[in-house]
Amino acid sequence: MDVLVDGFVSAFLLLLSLDSEMILIIGVSLKVSITSTFIASIIGVPTGFIIAFNPLPFKRMIITVLNTLLALPTVVIGLFVYSLIARRGLLGSFDLLYTQKAIIIGQVILIIPVVTAFTISAISRIDERYRKTAMTLGAGRVTVAAVVFREGRFAIVAAVIAAFGRVISEIGISMMLGGNIKGFTRTMTTAMALEYDKGAFVLSIALGIVLLGISFAMNLMFHFFQGKNRI
């Protein structure tokens, strides 16, 4: 028990001291997670909107596939991307392996289904009367789409926040594609795993506290925007 208490006390002291190594690790995590979330949102939000807004063929099958991909293991994505960017892979000439760009590629693949599926859910829940009213007033297809998007904007923001929460806490992709290189590709989760293997728990606990704090903030924002969507 004393070991656990001492570990938490030392971790809080480390946080208060703003240790340079810890700050660098947090910075790398935030950089790759925010970048991957931004790219995935640019792709996933319009894709989800198009799928939800239009009567596409095999629409139900597409949604089923997207929902299945929500549970795609990170190690599977890591293995797939690794095979592409390794030296003998299709994209091996770009030297992407063990870089932040490699992590971002893997994380984008991981959360595109999250953003897309949640966007579809957000748009599908919007009352059909908004669309019919806009069309009755003579609005064109683009204007109707804008009205629908405006009504679902809070739920779409919540989808993006959920996607960020997914990547900030993943470890498989970061470890396999980033290589856990100190000062370059070491994220909070990979650093925690490394420190645990070394038997040094202070930095792990400190990073765990930061990660929990970020996750808690993301959940607060997620529920805030969900609540806004219901108003």
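Every number here is computed from the coordinates shown, using simple stated rules; none is lab data. Because the structure is predicted, anything quoted here is derived from the model rather than measured. Reconstructed Cβ throughout: ideal geometry from the backbone, glycine too, with neighbour counts over all protein chains shown.
Structure notes:
- Computed over neighbours whose Cβ is under 15 Å from that of ASP95, the net charge equals +3, Lys and Arg +1, Asp and Glu -1.
- Springs join every pair of Cα atoms under 10 Å in this Gaussian network model of the chain, and among PHE58, PHE184, PHE216 the largest mean-square fluctuation is at PHE58.
- With neighbours defined as other Cβ atoms within 10 Å of a residue's Cβ, the residues LEU30, LEU110 order from fewest to most as LEU30, LEU110.
- Isotropically averaged projected area of segment 42-129, using the convex hull of Cα atoms (one quarter of hull area), nm²: 6.8 nm²
- Rounded to whole Å, the principal axis extents of the Cα atoms in segment 158-200 read 37, 19, 16, largest first.
- With both labels modelled 7 Å from their Cα along Cα-to-Cβ, the PHE216 to THR143 distance reads 4.8 nm.
- Estimated inter-spin distance, LEU72 and VAL5, nm [label 7 Å along Cα→Cβ]: 4.8 nm
- Ranked THR189, THR119, criterion: other C-beta atoms within 10 Å, fewest first: THR189, THR119
- For the chain, built as a Gaussian network whose Cα springs stay under 10 Å, the top-fluctuating residue of GLY92, GLY179, GLY78: GLY92
- The gain in end-to-end length when the HIS223 to SER83 segment is fully stretched comes to 46.6 nm, 0.36 nm per residue minus the alpha carbon separation.
- Taking other C-beta atoms within 10 Å as the exposure proxy, SER41, SER121, SER33 rank SER121, SER41, SER33 from fewest upward.
- For the chain: relative contact order, % (alpha-carbon pairs under 8 angstrom, 6 or more apart): 30 percent
- Equivalent ellipsoid, segment 1-87 (semi-axes from 5 times Cα gyration tensor eigenvalues, Å): 40, 17, 16
- The calculated FRET efficiency for the pair ARG60 and GLU128, based on their C-beta separation and a Förster distance of 25 Å, comes to about 0.90.
- Size descriptors for the chain, from the alpha-carbon set: Rg then Dmax equal 20.8, 72 Å.
- Segment 86-214 - Kirkwood radius from inverse mean 1/r over Cα pairs (Å): 17.7 Å
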